[in-house]
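Below you'll find the structure, written out as structure tokens, and then a few comments.
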Amino acid sequence: MRKNNAFGGTAFIAYGLFWLAMAFGWATTNGFFGSYTAETFDPRQTGAAFVAYLILTAFMIIGALRTTKVLFFIFLAIDFLFVGLALSAFGVAREATHMLAAVSELVISLLSFYYAGANILNNHFGEQFLSLGNPFWSKKTQIDILIATVLP
């Protein structure tokens with residue numbers, strides 16, 4: 001946010017808060033903050049949070065169209081993660097949707113490690129050492145398409 005990167009700041013804060021909430025929920029259900037009866041836990045409440053983050057991620061994936069291909073695919077995998085988590089929490093094909101979430105998380109992890117490594121090495125060498133891919137949607141591309149359709 002300090003460098004006028006609302007997209008990156010929003011992602012960092014929103015998903016950081018998500019994992020803090022997940023850790024707090026886990027700690028609460030495991031008695032870290034006193035007695036708690038697991039019978040009062042309703043997974044549909046967590047499912048509602050997963051749907052909310054799915055909506056946020058849908059907006060983030062639109063923004064990622066103007067970043068890099070790697071970042072776009074990270075957000076696409078996050079979409080699949082939240083679909084799997086939400087459906088699993090609501091009890092829809094629990095094993096299959098849980099597996100979708102697990103595979104999505106693995107893909108997110110692998111792509112994120114690549115993205116971090118590419119950023120570090122590209123900045124260190126001052127050139128494109130590892131490719132992150134050009135954006136799927138850029139202003140220049142849209143203008144070129146507009147000109148090509150208007151002018152013969």
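The values are calculated or read from the model by the stated rules, or taken from the named source; none is laboratory data. Everything quoted here is computed from the prediction, not taken from an experiment. For neighbour counting, all protein chains shown are included, and Cβ atoms are generated from backbone atoms with ideal geometry for every residue, glycine included. The accessibility values were calculated without ligands, DNA or RNA, using every heavy atom of the protein model including side chains. Shrake-Rupley method; radii C 1.70, N 1.55, O 1.52, S 1.80 Å.
Dipole of the range 1-123 computed with +1 at Lys/Arg Cβ and -1 at Asp/Glu Cβ about the Cα centre; of GLY91, ALA14, SER35, farthest Cα towards the positive end is ALA14.
Over the chain, dividing the summed -39,500 (n - 2.57) contributions of all DSSP H runs of at least 4 residues by the number of residues returns a 222 nm mean residue ellipticity of -25500 deg cm²/dmol. Diagonalising the gyration tensor over the Cα atoms of the range 42-129 and scaling each eigenvalue by 5 before taking the square root yields semi-axes of 30, 14, 9 Å, largest first. If the chain linking TYR114 and ILE55 were pulled fully straight, counting 0.36 nm for each residue of separation and taking away their Cα-Cα distance, it would gain 18.7 nm. Once the Cα atoms are used to define both axes, helix 94-125 deviates from the longest principal axis of the chain by about 40 degrees. Does anyone have the angle between helix 43-64 and the longest principal axis of the chain? Alpha-carbon axes, 0 to 90°, nearest 10? Tilt of helix 43-64: around 10 degrees. Direction-averaged projected area, Cα convex hull, the range 1-77: 6.4 nm², rounded to one decimal. Per residue, the average separation of C-alpha pairs within less than 8 Å and at least 6 apart gives the chain a relative contact order of 21 percent. Each part gets one Cα centre, and for the range 4-57 versus the range 60-88 those centres are 18 Å apart.
Largest accessible area first, the listed residues ILE62, ILE78 line up as ILE62, ILE78 when surface is computed with a 1.4 Å probe on the assembled protein chains.
Normalising by residue count, the chain has a Cα convex hull of 166 Å³ per residue.
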